[in-house]
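Trainee: Here it is: the structure, laid out below.
The values are calculated or read from the model by the stated rules, or taken from the named source; none is laboratory data. Keep in mind that this is a model prediction, so the values were computed, not measured. So basically every Cβ, Gly included, is an ideal-geometry build from the backbone, and we count neighbours across all protein chains shown.
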Amino acid sequence: MSLSLLLEKYDVSTEEGLQKALSEVEKEESEVDEALSGVLSRACMLEDKLRTASQAYTKLSEVKADAQVAADMVDRTAELARDVSAKVRQLDLARSRVAECQRRVHDLIDLQLCSAGVEAAIKANDYETGAGHVSRFLSMDPGSVAAARARGAADPRDAMTRAANTLREHIVRRFEDAAQKNDDENVDKLFKLFPQIGRAEEGVRLLAKYLATKLGVEIRRLSVVAEGEGAVFADAMTRVLEAAAAAAARAAALAALAAPGLLPAALAALQPQVCAGVRRVSGALLRAAARPASALQAEPALAELALAHSTIQLYFAFLTRRTQADAASLPEAAKQAALDAVEKLIAECDLTRTAQDILGHYLELEKFFLEESVNKALKMATPQPGSTTSSLVDDVFFIARKVIRRSISTGSVEGACVVLNEVSAVLERDVTAVLRRRLRAAPPDPLPLPAPPAPRAPRLALDLTALDLTADLAHALNKDVEAQRLLFLAHLAEAEAGAEWAARLAEEAVRGAGGAARGPTDTHKVESCAAGLGAAAAALALAAEQGVAAVRAGLAPRLALWADALVQPAPLAEELEDDADAFPQALEQFSECARQHLPQHTVDALLLAVVTDVATRAEARILHHHYDREGGLAAERRCRRAAGRAGGGGARERAARLAQAASLLALERPQHAADVLRPPRLPPARVRDILARRTDFKIEDIKKLKL
Amino acid sequence: MEDYKFLFKVVLVGNAGVGKTCLVRRFTQGLFPPGQGATIGVDFMIKTVEVDGEKVKLQIWDTAGQERFRSITQSYYRSAHALILVYDISCQPTFDCLPDWLREIEEYANNKVLRILVGNKTDREDREIPKHIGEDFAQRHGMYFLETSAKEAENVERLFMEIAVELMEQAKCKELPKYDGSLGPINGKTTSVGDGSCCLRS
Ligand SMILES: Nc1nc2c(ncn2[C@@H]2O[C@H](COP(=O)(O)OP(=O)(O)O)[C@@H](O)[C@H]2O)c(=O)[nH]1
Ligand SMILES: [Mg+2]
């Protein structure tokens, strides 16, 4: 309490007040004392703490020094470790050099042993062991020898090379001995040593020479053609090529042991023997197949030539396949080189020439056979009096198919193409020409279309029918005419069938020759030549069309009668029904008969032609008659019935137009014309002309019509 | 389906080595092939060209000149629309053989076939047949005439294009059956040049 406050609070003028103030002061003093002693005691504590802190600080700097020392030590240790690993690496290197040295020392020791060993082996006739040593020598690290030489030692290879050469000479001599003796077992055994002594190619060459000689002997024996029946030449050729294939297979098996890719060289050595053998056989074959007197005589030769050619093709295919297999493991470039080599071998060898000669001869002979056979078929098809059928087209296509199949059996796309060309030529030129000649004109009444019933006078109609019957009888009696008629129809049917045949044959050929095709070009070639048969088919179809036209021409007089009958103005009251149906019935009879001789589509074509023809004529005939209502109604009825059964398509349309024209004749009044006209409408001028045929219609009325 | 309106067969004949194969390659592939072997039998190439906006497919048959392939090559004459007879202007014997070739053409080809005489290898310095001699020969035998170089691509395109144009004109005025594309090559009618002669060469 401050003094002023004290003075305010206590009245120090009084003792009591003073006393009180004093006691207050004293009390405060004691409190201050107490607080002071408290503070003092704490100061002591603080001092203690301060001391401890400064002690700790001194210790810390000691620790820092220690840590520095430790860090230095770690650095030094790392450096040491680095030094150590470098040393370890050097050590490794040193060790591997030691190993290499050891190997070279071994090699050199071996080399000594090898050359000594080879000499010993030669002495002991143990060529396998000798070859083993040489093989070891060849597989040695060339560095060993170089190192030895670098230190000035005599070239240790000299002795070895000398020994190896001696060994090679021995092996070659032994091989030739074995070859001489035909000792296959030793030949094979010795052949296997050549690759070991680094002479694989020489081995293959020697082996091929051996096989070629053997093959030559065998082929000379086999190429003697036995006299006899059957395909003696082709059989001989097959035997020769089978022997060749066996030799090639053996060469392939052994060459594969030596080294892949050597086969073409071996095959090249064998090939001259094969060529010569086949040439001998083919010479005999070609002499025997020289132009025969008849198609019949040519057939065995043709079969032989085709077979011989296909056998050669198969042999070539075999060579290519073996070479492919042999070279399969080689890198791409070497593989291609091997394939190119064998392709070149095939292309340039005499066997290819022989095959070409055989094919050429085959084609000439096949052409001869085809032309002879077809000519014979054409000659046989010359109509004999009374003949009513023809197998011309069947015969020709039988020949064509045989010839095409044989050409495919040669295995040559080229050959098949040529034969397709020749067949197309014969069909288009010779066969079609004959059919066209035969189909140019039809005999009278080629297909019976009944005559229309006679109008107006029933009695006369009966008489006419009787006349018709007599005519039919006369036809039947006149067998010649009847035969002509049937033969004509047979040819017409044939021409149609021929067109189908040709198309089918073309398909067959493309499928058949597909097997021999060696690429898309070959396929295109066959397709293109087969298309020639398509042209022949078209020509035959054209001949058939001509035949149909001739039939129509033959029917023309009767069609004119029908046209007139349909639009007759005369009603036949009591027989109205029959009368109206006469034409549909006649058509039915006609097509039934036609169907017996001709294919359906030809019948359809004929019906269309007949209906069109009759309808057109009938419409024109209307303009020649005069009608009353009765007559008009009768005509309308007949025409409507005709239209109702006119068959399909164009025929129906044409008959409908006629019905429309006839319905104009049946009108009550000309003004009703518009009611019967429906699309496709008759032209207005024609409508007026027709209406004008009605005697009871007035011209002015007709003129006034709006059409 | 291929879309072409007309298909014509063109056959090349003439001695071996006159350059038939080179002419065909030049036209169909645009190259002069280095040393290929002699043609075996008959080779087959196709090129479609355009004439007056219409696609014309030329089927080109390149024949081997050697005698031993005669039975193969002759069979292609009949259905040919055009025959190109080639000789080598630097090789007299190839010209001297022309009458033999003509005889063969007379015998096997359609008598209305378009025939073109071609003297090839005009790039060569050592010409032996003057141009007018070739022209004379062609005229005497009713053939078109052209000199070419397969090597320098001289007149090769023109040769085949003129054939295409001429055949198309013939076809149009004769109405050779057209290929409407819906017919495969088998059913298609590869007509030989038919008999009805009209607007062709005098
Ligand atoms: N200089 C020259 N050489 C040609 C020409 N056309 C072809 N040849 C060469 O004549 C040789 C025979 O050609 P090729 O087309 O195979 O004749 P082909 O037997 O008629 O098919 C080849 O060496 C060609 O390089 C040409 O236009 N000029
Ligand atoms: Mg050529």
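Trainee: Does residue B:98 qualify as being over 20 Å from residue A:424 (Cα atoms) and away from chain A (no Cβ under 11 Å)?
Mentor: yes
Trainee: Would you call residue A:413 modelled with pLDDT of 95 or more and within 14 Å of chain B (Cβ to nearest Cβ)?
Mentor: no
Trainee: Which ones in the range A:600-645 are in contact (Cβ under 8 Å) with a residue 40 or more places away in the chain and assigned to a loop (DSSP other than H, G, I, E, B)?
Mentor: Within the range A:600-645, A:623, A:625, A:626, A:628, A:645 qualify.
Trainee: Another question, if that's okay. Which one of the conditions (1) away from every other protein chain (no Cβ under 14 Å); (2) surrounded by fewer than 23 Cβ atoms within 10 Å (Cβ to Cβ) does residue A:431 fail to meet, given that it meets all the rest?
Mentor: (2)
Trainee: To continue, here is another question. Name the one entry in A:224, A:187 that is within 17 Å of residue A:273 (Cα to Cα), among the β-branched types (Val, Ile, Thr) and without any contact (Cβ under 8 Å) to a residue 24 or more places away in the chain.
Mentor: Only one candidate passes the filter, namely A:224.
Trainee: Hey, another quick one. Can you find a residue that is in contact with a Gly (Cβ under 6 Å, 6 or more places away or on another chain), over 24 Å from residue B:67 (Cβ atoms), in a helix (DSSP H, G or I) and more than 9 Å from every other protein chain (Cβ to nearest Cβ) anywhere in the range A:362-382?
Mentor: Checking the range A:362-382: not a single residue is in contact with a Gly (Cβ under 6 Å, 6 or more places away or on another chain), over 24 Å from residue B:67 (Cβ atoms), in a helix (DSSP H, G or I) and more than 9 Å from every other protein chain (Cβ to nearest Cβ).
Trainee: How many of the residues in the range A:510-531 are more than 9 Å from chain B (Cβ to nearest Cβ) and surrounded by 24 or more Cβ atoms within 10 Å (Cβ to Cβ)?
Mentor: Qualifying residue count for the region: 2.
Trainee: Here is a follow-up. Restricting attention to the range A:550-564, does a residue exist that is surrounded by fewer than 22 Cβ atoms within 10 Å (Cβ to Cβ) and free of Cβ contacts under 8 Å to residues at least 24 places away in the same chain?
Mentor: yes
Trainee: Against the definition (outside the structural domain of residue A:552 (by TED's automatic domain parsing), in contact (Cβ under 8 Å) with a residue 40 or more places away in the chain and more than 26 Å from residue A:450 (Cα to Cα)), how does residue A:705 come out, yes or no?
Mentor: no
Trainee: What are the pairs with Cβ atoms under 8 angstrom where one residue, in the range B:25-47, is without any contact (Cβ under 8 Å) to a residue 12 or more places away in the chain and the other, located anywhere, is within 10 Å of ligand 2 (Cβ to nearest atom) and of a type outside the set (Ser, Thr, Tyr)? Sequence gap at least six, or different chains.
Mentor: B:31/B:25
Trainee: Could you list, ordered by first residue, the pairs with Cβ atoms under 8 Å in which the first is in the range A:368-385 and free of Cβ contacts under 8 Å to residues at least 12 places away in the same chain and the second is of a type outside the set (A, V, I, L, M, F, W, C), at least 6 apart or interchain?
Mentor: Final answer for the pair search is none.
Trainee: If residue A:257 meets every condition in (1) part of a helix (DSSP H, G or I); (2) surrounded by 17 or more Cβ atoms within 10 Å (Cβ to Cβ); (3) not charged (D, E, K, R) apart from one, which number is that one?
Mentor: That leaves (2) as the condition not met.
Trainee: Another question about this same structure. Applying the selection to the range B:22-41, what residues are within 11 Å of ligand 2 (Cβ to nearest atom) and either out of contact with any strand residue (DSSP E or B) (no Cβ under 9 Å at 6 or more places or on another chain) or farther than 20 Å from residue B:114 by Cα (or both)?
Mentor: Hits for the range B:22-41 are B:22, B:25, B:33, B:36, B:37, B:38, B:39, B:40, B:41.
Trainee: I've got another one for you. How many of the residues making up the range B:151-168 are within 16 Å of ligand 2 (Cβ to nearest atom) and over 16 Å from residue B:85 (Cα atoms)?
Mentor: 1
Trainee: Output the residues belonging to the range A:521-544 that are among the aliphatic types (A, V, I, L, M) and over 13 Å from residue A:503 (Cβ atoms).
Mentor: A:526, A:542, A:543, A:544
Trainee: Right, here's the next one. Can you pull out the residues in the range B:47-73 that are away from ligand 2 (no atom under 16 Å from the Cβ) and buried (at least 16 other Cβ atoms within 10 Å of the Cβ)? I'd like the intermediate steps shown before the answer.
Mentor: Let us first name the residues in the range B:47-73 that are away from ligand 2 (no atom under 16 Å from the Cβ), namely B:47-59, B:71.
Matches in the range B:47-73: B:47, B:49, B:51, B:55, B:56, B:57, B:58, B:59, B:71.
Trainee: Still on this structure, I have one more. Taking strands (runs of 3 or more DSSP E) that do not extend beyond the range B:49-156, which have at least 3 residues that are over 14 Å from the mean Cα position of the chain (by Cα)?
Mentor: Here the list reads B:54-63.
Residue by residue, here is whether (1) among the β-branched types (Val, Ile, Thr); (2) farther than 14 Å from residue A:584 by Cβ; (3) surrounded by 19 or more Cβ atoms within 10 Å (Cβ to Cβ) holds:
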| position | (1), (2), (3) |
| --- | --- |
| A:635 | no, yes, yes |
| A:638 | no, no, yes |
| A:642 | no, no, yes |
| A:646 | no, no, yes |
| A:660 | no, yes, yes |
| A:679 | no, yes, no |
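Trainee: Out of the residues in the range B:59-91 meeting the condition of being under 28 Å from residue A:358 (Cβ atoms) and within 10 Å of ligand 1 (Cβ to nearest atom), tell me which one is farthest from the other protein chains (Cβ to nearest Cβ).
Mentor: My answer is B:65.
For (1) more than 8 Å from ligand 1 (Cβ to nearest atom); (2) assigned to a helix (DSSP H, G or I), each residue gets a yes or a no:
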{"position": "B:15", "(1), (2)": "no, no"}
{"position": "B:23", "(1), (2)": "no, yes"}
{"position": "B:28", "(1), (2)": "yes, yes"}
{"position": "B:36", "(1), (2)": "no, no"}
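Trainee: Turning to a different aspect of this structure: Among the numbered conditions (1) among the aliphatic types (A, V, I, L, M); (2) within 18 Å of residue A:561 (Cα to Cα); (3) at pLDDT 85 or above, tell me where residue A:667 comes up short.
Mentor: (2)
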